[in-house]
Amino acid sequence: MSIAAILQGKGEVISVRPTNSLLSVVQLLADRRIGCVPVVEDGQVVGIFSERDVVYRVARDGAAALDHNVGEVMTAPAITIDHETPVIHGLSLMTKRRIRHLPVVVDGALVGMISIGDLVKYRIDTIESEAAALRDYIQTA
């Protein structure tokens, strides 16, 4: 079970540039109802911008935080994984690092974004499928 299996069911990857204004990216998060976006420059993931970054900067700078660009506020470097990473390793990494999103990078290029919810759902679906197969096996034995 690798990350590639989860990416098959995901849609487009939304990313921003470090020069985007904080206000415009906050609006993007709200409009798309997402919790974070990868920050990409010259095709490389240079950071990640999340709701937490907004909260920390507003707590520090007040309303003036919205005058910054994303590159000044993002978390960098971003923790990334590749498409061959096992799902359980992704879950472990998220738990250990206390993060909820991971950019998926292949050969240096962003190919997807996964959330802890994606991984948990995939894991639950797999366990339920295995349990159903075992029940069927036991009933037919």
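The values are calculated or read from the model by the stated rules, or taken from the named source; none is laboratory data. If you're wondering where the values come from, they're calculated on a predicted model, not measured in any experiment. All Cβ positions, even for glycine, are placed from backbone atoms using ideal geometry, and neighbour counts span all protein chains on display. Surface areas here come from the heavy atoms of the whole protein model, side chains and all, with no ligands, DNA or RNA. Shrake-Rupley method; radii C 1.70, N 1.55, O 1.52, S 1.80 Å.
I'd like to verify a number: residues in the range 45-62 that are open to solvent by less than 70 Å² (accessible area, probe 1.4 Å) and either aromatic (F, W, Y) or out of contact with any helix residue (DSSP H, G or I) (no Cβ under 9 Å at 6 or more places or on another chain) (or both), how many?
Keep residues of the range 45-62 that are open to solvent by less than 70 Å² (accessible area, probe 1.4 Å), which gives 45-50, 53-54, 57-58, 61-62.
Pick out the ones that are also either aromatic (F, W, Y) or out of contact with any helix residue (DSSP H, G or I) (no Cβ under 9 Å at 6 or more places or on another chain) (or both) and you get 45, 48-49, 62.
Qualifying residue count, the range 45-62: 4.
For A65, are the conditions met, namely being farther than 16 Å from G117 by Cα, open to solvent by less than 30 Å² (accessible area, probe 1.4 Å), among the aliphatic types (A, V, I, L, M) and assigned to a loop (DSSP other than H, G, I, E, B)? Considered against the rule, which asks whether it is farther than 16 Å from G117 by Cα, open to solvent by less than 30 Å² (accessible area, probe 1.4 Å), among the aliphatic types (A, V, I, L, M) and assigned to a loop (DSSP other than H, G, I, E, B), A65 comes out as no.
Which one of these does T85 not meet: (1) among the hydroxyl-bearing types (S, T, Y); (2) within 22 Å of S50 (Cα to Cα); (3) in contact with a Ser or Thr (Cβ under 9 Å, 6 or more places away or on another chain)? Only one criterion in (1) among the hydroxyl-bearing types (S, T, Y); (2) within 22 Å of S50 (Cα to Cα); (3) in contact with a Ser or Thr (Cβ under 9 Å, 6 or more places away or on another chain) is unmet by T85, namely (2). Restricting the range 1-41 to residues that are under 15 Å from the mean Cα position of the chain (by Cα), more than 16 Å from V104 (Cα to Cα) and of a type in the set (K, R), the residue that is surrounded by the most Cβ atoms within 10 Å (Cβ to Cβ) is R32. Name the residue that is farthest from I88 (Cα to Cα), counting only residues in the range 112-137 that are open to solvent by 70 Å² or more (accessible area, probe 1.4 Å) and of a type in the set (A, V, I, L, M). Checking each candidate, the answer is L134.
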